[in-house]
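J.: So that we are looking at the same thing, I have put the structure below in structure tokens.
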Amino acid sequence: MTRKTVRIAMNGVTGRMGYRQHLVRSLLAIREQGGLDLGGGTVLWPEPVLVGRRAPAVEELARRHGLDGWSTDLDAVLSDDSVDVYFDAQVTSARPEAVKKAIAAGKHVYVEKPAATDLAGALELARLAREAGVKHGTVQDKLFLPGLRKLRRLVEDGFFGDVLSVRGEFGYWVFEGDRQPAQRPSWNYRAEDGGGITVDMFPHWEYVLHELFGRVTSVQAHRATHVRKRWDENGQPYAATADDAAYGIFELAGGAVAQINSSWAVRVHRDDLVEFQVDGTHGSAVAGLHSCRVQPRAVTPRPVWDPDQPSSASYRDQWQEVPDNQEFDNGFKTQWELFLRHVALDEPYRWDLTAGARGVQLAELALRAAAEGRRIEVPELAP
């Protein structure tokens, strides 16, 4: 067995998502399984090089996981010819400049979403990567959740017939930070720091809708800042200036309509933190992070509306669970493996920086639609 090493500069791993999902549950998990099998007796071995601004934090992470490579000097890391890939999980405002440097240094780039703070910046990154001939990708992790993979299976099998509508509910209560610590960083709630649920979640909804049901052709949105006072990591109060809830209506190519509510100011009364209900002429499905339930047309019961009597129907029991039929790995790890195979073997990979730019475009147009109180068409981006 031949082991081929790929060195990956990881910028932003001191943050929650960069550390838990990308470092620990993806690249270190690949190492724990013995590397990524490329076939033909070759295994790809990811070697993370941790990059960050605070030396003690980055050094401690490297020590904790037995990693030799770490630095606070991004330019020095990018000038190292042994580094093959640059990954960015920084705050969005810091991402474009770092990614441009990586592309100029000839590194393949893989970035968290959103790729940039605006569409022009996202398209520029895609153009630069194409012109430099480097491989590039954007994290689109929701596509690899077990529940949505089951949902994709239903779509591809024609289970729904004609898809009529998609209804999504996402969110949970994020504590204000006074009596209980907030589960999200305070910058998420300051517009001046790039925060806001629209710019955070609408890029997710774009690729979910695009990949499963069709391109988004128009958007309407309403944004709100429901909780206006919060407390930061140091216990200091601050004014929340970013939206913590966004309510969107999306028209899709083919005629289906999607409605998705996103909120960090809602208490969960559903089976998961995110759920999508898809209704079609031949059947319906409800998918969460892991599970997916269906109700085909042939066994759809006949509901009776009677406001004078308590309902005796157990509506949830009228749905059938979609079996796993396979083992589902961590979604972030699954996409990392696909990207690394793309880098090593030139296998097809469609979740590139242009795909990431579509998400930025949708968020940008949603902000405009909300500000102007109208429906806005979403132009198709050139590949």
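Laboratory data are not the source of any read-out in this text; all were calculated from the coordinates shown. This one's a predicted model, so the numbers in the text were calculated from it and none came from an experiment. For neighbour counting, all protein chains shown are included, and Cβ atoms are generated from backbone atoms with ideal geometry for every residue, glycine included.
J.: Could you compute how fast the chain diffuses translationally, taking Rh as the Kirkwood radius over C-alpha pairs and applying Stokes-Einstein at 4 °C with viscosity 1.567 mPa s? Give it in µm² per second.
T.: Details: Rh = 22.3 Å.
Here the translational diffusion coefficient equals 58 µm²/s.
J.: Then there is this: Let me have the relative contact order for region 1-136, percent, based on Cα pairs under 8 Å that are six or more residues apart.
T.: Values: 224 pairs, mean separation 32.7, N = 136.
Contact order relative to length: 24 percent.
J.: Compute the long axis of helix 331-345 from its Cα atoms, compare it with the longest principal axis of the Cα atoms of the chain, and write down the angle in degrees, 0 to 90, nearest 10.
T.: Rounded to the nearest ten degrees, it is 50.
J.: How many nm separate the modelled label positions at Asp37 and Asp279, each set 7 Å beyond the Cα in the direction of the Cβ?
T.: 4.5 nm
J.: Taking the inverse of the average 1/r across all pairs of different Cα atoms in region 176-236, what Kirkwood radius in Å do you get?
T.: On the way: mean 1/r = 0.0730 Å⁻¹.
Across region 176-236, the inverse of the average 1/r is 13.7 Å.
J.: Is there a quick way to get the dipole size of region 261-307? I mean about its Cα centre, with the Cβ of Lys and Arg at +1 and of Asp and Glu at -1; what is the value in debye to the nearest 20? Provide the component values of the computation, followed by the final result.
T.: Values: 5 positive and 5 negative charges, 15 e Å.
Approximately 80 debye in magnitude.
J.: Once you have the Kirkwood Rh of region 124-182 from its Cα pairs, apply Stokes-Einstein at 10 °C and 1.306 mPa s and quote D in µm²/s. Working shown, then result.
T.: Details: Rh = 16.1 Å.
After rounding, the answer is 98 µm²/s.
J.: Glu59 to Tyr247: FRET efficiency via 1/(1 + (r/R0)^6), r the Cβ-Cβ distance, R0 41 Å, to the nearest 0.05?
T.: On the way: r = 44 Å, r/R0 = 1.07.
For Glu59 and Tyr247, the calculated efficiency is 0.40.
J.: Here is a further query. For the chain, find the longest principal axis of its Cα atoms and tell me its angle to the long axis of helix 55-64, 0 to 90°, nearest 10.
T.: 80 degrees
J.: Here's a follow-up. Determine the gain in length on full extension of the stretch Glu321-Ala104; use 0.36 nm per residue of separation and subtract their C-alpha separation, reporting nm with one decimal. Provide the component values of the computation, followed by the final result.
T.: On the way: separation 217, 0.36 × 217 = 78.12 nm, distance 4.90 nm.
Difference between extended and current length: 73.2 nm.
J.: Quick check for me: using +1 on Lys/Arg Cβ and -1 on Asp/Glu Cβ, what's the dipole size of the chain about its Cα centre, in debye to the nearest 20?
T.: Working: 46 positive and 53 negative charges, 41 e Å.
Magnitude of the dipole: close to 200 debye.
J.: With a ≥ b ≥ c taken as the square roots of the eigenvalues of the C-alpha gyration tensor of region 81-180, please select rounded if a/c is under 1.5 and otherwise prolate if a/b is larger than b/c or oblate if it is not?
T.: Working: a/c = 2.42, a/b = 1.40, b/c = 1.73.
It is oblate, given that a/c is not under 1.5 and a/b is not larger than b/c.
J.: Moving on to the next point. Taking the mean number of other Cβ atoms within 10 Å as a proxy for protection, how do you rank 164-176, 138-150 from highest to lowest?
T.: Highest-to-lowest ranking by the protection proxy: 138-150, 164-176.
J.: To continue, here is another question. Considering only Trp319, Trp205, Trp305, give the residue with the highest GNM mean-square fluctuation for the chain, with springs between Cα atoms whenever their separation is below 10 Å.
T.: Top of the fluctuation ranking is Trp305.
J.: Right, here's the next one. Determine by what factor the alpha-carbon radius of gyration of region 253-326 differs from 2.2 N^0.38 Å, reporting the quotient. Display every interim value, and only then the final one.
T.: On the way: Rg = 14.8 Å, N = 74, 2.2 N^0.38 = 11.3 Å.
Normalised by 2.2 N^0.38 Å, the Cα Rg of region 253-326 equals 1.31.
J.: Can you give the angle from 0 to 90° between the axis of helix 119-132 and the longest principal axis of the chain, with both taken from C-alpha atoms, to the nearest 10?
T.: That works out to roughly 50 degrees.
J.: Here is a follow-up. What are the extents of the Cα atoms of region 126-228 along their three principal axes, in Å, largest first?
T.: Per principal axis, max minus min of the Cα coordinates gives 49, 41, 28 Å.
J.: Counting C-alpha atoms alone, how compact is region 271-383: give Rg to one decimal and Dmax as a whole number, in angstrom.
T.: 20.7, 65
J.: I've got another one for you. Expressed in whole Å with the largest first, what are the equivalent ellipsoid semi-axes of region 1-144 derived from the C-alpha gyration tensor as the square root of 5 times each eigenvalue? Show your work: numbers first, answer last.
T.: Working: eigenvalues 106, 69, 46 Å².
Whole-Å semi-axes of the equivalent ellipsoid: 23, 19, 15.
J.: Okay, next question. Jot down the radius of gyration and Dmax of region 162-279, Cα atoms only, both in angstrom.
T.: So, for region 162-279, Rg and Dmax equal 15.6, 52 Å respectively.
J.: Would you mind calculating the gained length between Ala94 and Asp157 on full extension (0.36 nm times residue separation, minus the Cα-Cα distance), in nm to one decimal?
T.: My answer for the length gained is 18.5 nm.
J.: Take each of the peptides 359-372, 106-119, average the number of other beta-carbon atoms within 10 Å over its residues, and list them starting from the highest.
T.: Descending packing order for the listed peptides: 106-119, 359-372.
J.: Taking a threshold of 29 Å on the Cα-Cα distance, which of the pairs Lys100/Lys229; Lys101/Lys150; Lys100/Lys150; Lys150/Lys333 fall above it?
T.: Numbers: Lys100/Lys229 36 Å; Lys101/Lys150 39 Å; Lys100/Lys150 37 Å; Lys150/Lys333 18 Å.
Too far apart for the 29 Å limit: Lys100/Lys229; Lys101/Lys150; Lys100/Lys150.
J.: Something else: Quick one: in region 46-124, what % of C-alpha pairs are over 19 Å apart?
T.: Details: 1148 of 3081 pairs.
Taking all Cα-Cα pairs of region 46-124, the fraction more than 19 Å apart is 37 percent.
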